[in-house]
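The values are calculated or read from the model by the stated rules, or taken from the named source; none is laboratory data. Keep in mind that this is a model prediction, so the values were computed, not measured. Every residue, glycine among them, receives a Cβ derived from its backbone with ideal geometry; neighbour counts consider all protein chains shown. We work out accessible area using only protein heavy atoms, side chains counted, and drop any ligands, DNA or RNA first. Shrake-Rupley method; radii C 1.70, N 1.55, O 1.52, S 1.80 Å.
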Amino acid sequence: MRKTYFIAVFAMALLLLPATSQAAGTMTTKKTTVQSKERAYMVYQPDACVNKSCPALLMFHGLGGTAQQAADNYGWKETADKNGFVAVFPESLTVARKDVKIWNWTVYPNYDPAGKHWDIALITLPISKRYTTQDVEFVSKIISELKTAYNIDTTRVYATGHSYGAFFSYYIAQCLPDKITAFAESSGGYVSYYGYAFPLPARNAKTNSAYLMPGMLMHSKTDRTVNYQWSVNLSNELRSKGHPYKFVTLADSFGHNWDMAQNQAQWDFFKQYK
């Protein structure tokens, strides 16, 4: 894989889609504290979920994006209304620049540039230390708070994301297999280069069924921001470690854009697992 491929992921464009029909539930902005930092996330509760326990879906925005943009432009409120689940839109922080260094030699300068995006552990850390970042703690805390405030069904908590949020959706699913039931990703994937892997190698579900993590992968071959091959790589990684998955090749017209028509397909995939 060329070095330029490894760097290209951090030049992802944020998709802004036109807003769809008016949703009927209630949107609330919640605040919490993680590692002494105030964090925010938006929760959309359909009317049908007010008096009963519903599943939850966490939608992770792309590089430079916001929770509000994710809530307004990806169609999840309407999908939540139709299917009866709580939709959650976390807000990322600005993360410091990371360089990949080997023996104090900078192999990839600015491989993870400073900017507003999800915190994924540095690829040169020992694998045992790559399952914990401030955002892993953030997501874990969100799920706990959702159980208290919304009585969500914690056996059915799903993750999805677009672009950098797609990488993070897969990452958080691997980090929290006891809290995330299944994940989806659109325009993300998996990169392996000279023994290093981004976002993270899949856990081996063949040797430990507790790590089983179903995934739905979506990508267009005409994506010029994140290479289609990276989602192919992720499908191979999931298969090699015993995880069930579904791969959807989006129409060429989508490029790096989100296909809102796949929202229902994602939910149909998710609800098989609990």
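Brief remarks follow.
- Where the alpha-carbon atoms of the stretch 133-179 are placed on the principal axes, they occupy 30, 20, 16 Å, in descending order.
- Summed over all non-identical Cα pairs, the Kirkwood treatment of the stretch 207-274 gives a radius of 12.9 Å.
- Considering the stretch 111-202, its Cα convex hull presents a mean projected area of 6.3 nm².
- Rounded percent of accessible protein surface that carbon and sulfur make up, the stretch 28-71, 1.4 Å probe: 44
- Inter-probe distance in nm under a simple model that places probes 7 Å from Cα toward Cβ, at Phe247 and Tyr194: 2.7
- Whichever aspartates and glutamates have a C-alpha closer than 18 Å to that of Lys82, once near sequence neighbours (fewer than 8 apart) are set aside: Asp47, Asp72, Asp153, Asp259, Asp268
- Under the simplified labelling scheme, the Thr33-Lys129 pair shows an inter-label distance of 2.7 nm, with each label point 7 Å from Cα along Cα→Cβ.
- Stretchable slack from Gln264 to Thr222, in nm (0.36 nm times residue separation minus alpha-carbon distance): 12.8 nm
- More than 22 angstrom apart: percent of Cα pairs within the stretch 136-274: 35
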